[in-house]
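The values are calculated or read from the model by the stated rules, or taken from the named source; none is laboratory data. Please read all numbers here as calculations on a predicted model, not as lab measurements. Here the Cβ positions follow ideal geometry from the backbone for every residue, glycine too, while neighbour counts run over all protein chains shown. Protein only, heavy atoms only, side chains kept; ligands, DNA and RNA dropped before computing areas. Shrake-Rupley method; radii C 1.70, N 1.55, O 1.52, S 1.80 Å.
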Amino acid sequence: MKLPRRQFLHFAAGTATLPATQQIAKAQQTTPAQAPLDPLVWPVVPKIAPEMRSFAGHTNTVPDIVGGFGTPASLVVFTEGNHLMVLHSEDILGAFPSWVSSQSQYADLNLDNIILLTLPQPIVVQTIRSGAIAFGNLSLEFTRASGYYPDIVMGGPAPLQELRKLGLIEPQARAFSKNRGRALVVRKGNPLHINALSDVARTGARLVQADAVEATARAGNIAAVETLVGKTVSDAVFAHETTHFPGRLGITHRDVPEALARGYADVGLTQYHLISYWARTFPAHFELIPITGAERFPVKIGFARVTNPLRPRALKAFEEFFFARARDVYPRYDFARMSDEEYGASMALD
């Protein structure tokens, strides 16, 4: 059974129930009425054979998994999803097979079925530890015996250190990307005229950010905002936070744009490159608002090899290919350019 990455975010219909402040009401009165937006339907990554039945749109509910189950895996990568727009791109995984075929030492590798799992980092760790994950009635096994155990794990220092403590990855990871800090995302047309964090505080806008399983991201957001604008303004920025809406047990990064599109929030706070991706993918829905000074709070991602990988040659080939180009590719997707000292630098996990 072929399971394409399905990132559709399905929510019960309805309007926001949180009270709006007088500033929001006034701003909305002076802004042209906006037609209700449809739910976001995320792009499907792999090419689907015409004879295959594909359940997309409102049933596109299997998030962040790319690949085919039932046939042997060529390479399995577990990673946090914040850089999926780069990893899934024609610049990286799209170009990898042709590069392999041009290298005599790797030309015999079969890369027909590369599996990606790009869920939030705590879920990545939990999936490796438990060996499985369930989506409603469907359970997928990711054990060594199944053949879908990861060869590579990409993530931040904390989750990689947790996996290292369990002896599941090698003691050294290599840094390959650095983001540009946080930014704000608003609906197209910016109806509340939000151009800075102070405007979020002034208008009493309903803010949405990653929470629940991404609690580390939330804590980093709050710390960065406090440093940039002070605690008083920071408290006002988060005073009307949207912490839940129908159809969600918690809020992850991919839920932030949906909350705006469906009217459950007025502004979102997350990483700059994610908002840039959303604005490119849904240009009629969203705009990116930079935050002055946000680049002072970058987040880095590391590349870690699994201990005793099932596909060591494929892992070696991908690592060689990846580090030969990632430094130039990631800035094309609005990541920060890494210096010579930063790129490929060792991240000690013990």
Simple label model, 7 Å out from Cα along Cβ direction - S146 to S339, nm
4.3 nm
Carbon + sulfur, % of accessible area of segment 249-321 - ligands and nucleic acids excluded, 1.4 Å:
58 percent
Please compute the per residue accessible area over segment 95-152 with all protein chains in place, 1.4 Å probe, rounded to a whole number of Å².
46 Å²
Given points 7 Å out from each Cα along the Cα-Cβ axis, report the A132 to K188 separation in nanometres with one decimal.
4.4 nm
Can you give me the Cα centroid spacing of segment 158-198 and segment 303-334 in angstrom?
19 Å
Expected unfolding gain across T243-R313 under the 0.36 nm per residue rule, minus the alpha-carbon gap, is 20.8 nm
Could you check the simple spin-label distance between Q103 and T227, using points 7 Å along Cα→Cβ, in nm with one decimal?
3.7 nm
In what sequence, highest mean first, do 273-279, 86-92 appear when ranked by Cβ atoms within 10 angstrom?
273-279, 86-92
Using a 1.4 Å probe over the heavy atoms of the protein chains, calculate the carbon and sulfur portion of the accessible area of segment 100-158 as a whole percent.
49 percent
If packing is taken as the average count of other Cβ atoms within 10 Å, what order do 93-105, 304-316 fall into, highest mean first?
304-316, 93-105
Could you provide, to the nearest whole Å², the per residue accessible area of segment 245-317 with probe 1.4 Å?
36 Å²
Packing-wise, with mean Cβ within 10 Å as the measure, how do 153-164, 234-245, 339-350, 260-271 rank, highest first?
260-271, 153-164, 234-245, 339-350
Could you give the length gained on full extension between A348 and N110, defined as 0.36 nm per residue of separation minus the Cα-Cα distance, in nm?
82.5 nm
